[in-house]
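Report on the structure given below.
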């Protein structure tokens, strides 16, 4: 080792390295024109400068890209919030529009029948086995509701209250087999009664049995209440005749009636708590 250090060639190499280093420092501080020494230094450092510039550029682009991604994420989040807000406004608008339509119909009924007293109510549950046969409302005796009060939607008969609690009541619809409503066909004037057909797949249906052999009742005929019996006011719309059939039991004819109301679409109804003639049994027709 000592021999290497004492070697003249090694000493010369050390001197060259020191000279190059000093030349680089002097060139940096004096800013003189290029010299062989500065050129050599530049040649050595140039690749490192290029690498440094490249890394700086890439880092800058990455930083910009990162900022852009963050900005886009924030904008997307704001857009989603706006879309959700607009969707809620549309839902509120549609609900309000539907409610206004309901109250417009109610106002028409009230103007035509000033003796009617109403209680609005919301459907809170449907019959599990047959949602078309009965449902429960959120109004009861504390709101003046009682058994046999008719339930309507616009001018259309929906059903009747069959049991009452302080804050709720049960309603049988026209498709319930326990229903029995005195009706007439508006074109022919024929009188009869309708009763529920029981479980149905898509809508409330009832039937008008006991039609005479020469009956003029036909499909598209409109069926309304007669007012007989004192339970239902006169001229509430029950539904429309959809077909005529013959009974397999006795051969008599009967009409199938489709309710004027789609129970699936109902959320709010009106209970008629009082009307002129309520509880008074009357008889019309033959």
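The values are calculated or read from the model by the stated rules, or taken from the named source; none is laboratory data. All of these numbers come straight from a predicted model, not from anything done at the bench. No Cβ is skipped: glycine too gets one built from the backbone with ideal geometry, and neighbour counts run over all protein chains shown.
Only one entry in 265, 249, 276 is without any contact (Cβ under 8 Å) to a residue 24 or more places away in the chain, within 30 Å of residue 115 (Cα to Cα) and out of contact with any strand residue (DSSP E or B) (no Cβ under 6 Å at 6 or more places or on another chain), namely 265.
Exactly one residue out of 204, 183, 269, 238 is at pLDDT 95 or above and under 30 Å from the mean Cα position of the chain (by Cα), and it is 238.
Listed by position, the strands (runs of 3 or more DSSP E) inside the range 119-232 whose residues that are farther than 19 Å from residue 263 by Cβ and touching a residue at least 40 places away in the same chain (Cβ under 8 Å) number at least 3 are 181-185, 205-211.
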